[in-house]
Amino acid sequence: EVQFVESGGGAVQAGESLTLSCAAPRSLWDGYAISWFRQIPGKEREAVACTSNYDGSTYFKDSVKGRFTISSADAEHTVYLQMSSLKPVDTARYYCAAIVSYCTPYPRAYEYAHWGRGTQVTVSS
């Protein structure tokens, strides 16, 4: 079954902005960290950002720092990824995932057991 539902993806031009939403099940919210990963064909799924509702810890991939922000709406059980100044290299399918407790310093996909089906982001030049 689908545990997370990602939405908000689409096709944009370089320099534009896009906000992704991740709706989480109630059972995967309190005490969890929620992360955004992205993947392109033939490459490993990589972490983009993380926010923890356990201790407030966060993570951002170096290449998105200053361009992407992550936020959490507790009442809605939803995590948002606000992306600005998008580049063609940001093109990927974006996934939402959960891990117990806090954001680790270097999140790895294999550490996460709960995922959504993803939403596609395509950035053209």
Legend entry - Correct choice for Cα extents along the principal axes in Å that was computed from the model, options (1) 45, 27, 23; (2) 40, 30, 29; (3) 41, 29, 22: (2)
Inset, instruction - Provide the gained length on full extension for the span S85 to E44, in nm with one decimal, where the gain is 0.36 nm per separating residue minus the Cα-Cα distance. - result: 12.4 nm
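At a Förster distance of 22 Å, what's the computed FRET efficiency of S7 paired with V100, Cβ-Cβ distance as r, to 0.05? Could the numbers behind the result be given before it?
Details: r = 24 Å, r/R0 = 1.11.
That pair, S7 with V100, gives E of 0.35.
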Legend entry - Added length on full extension, which subtracts the Cα-Cα distance from 0.36 nm per residue, E111 to D30: 27.3 nm
Inset, instruction - In nm, give the distance between the simple-model label positions of D74 and A14, each being 7 Å from the Cα along the Cα-to-Cβ direction. - result: 4.2 nm
Legend entry - Exposure ranking of T58, T122, T104 by accessible area [1.4 Å probe, largest first]: T58, T122, T104
Inset, instruction - Go through 47-54, 6-13, 32-39 and give me the packing order, highest mean Cβ count within 10 Å leading. - result: 32-39, 47-54, 6-13
Inset, instruction - At 0.36 nm per residue, minus the direct Cα-Cα distance, what do R67 and Q120 gain on full extension? Give it in nm, one decimal, please. - result: 17.3 nm
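The values are calculated or read from the model by the stated rules, or taken from the named source; none is laboratory data. On a predicted model such as this, the values are computed, not experimentally measured, just so you know. Using ideal geometry, Cβ is built from the backbone for each residue, glycine included, and neighbour counts are taken over all protein chains shown. Note: areas computed on protein heavy atoms with side chains; ligands, DNA, RNA excluded. Shrake-Rupley method; radii C 1.70, N 1.55, O 1.52, S 1.80 Å.
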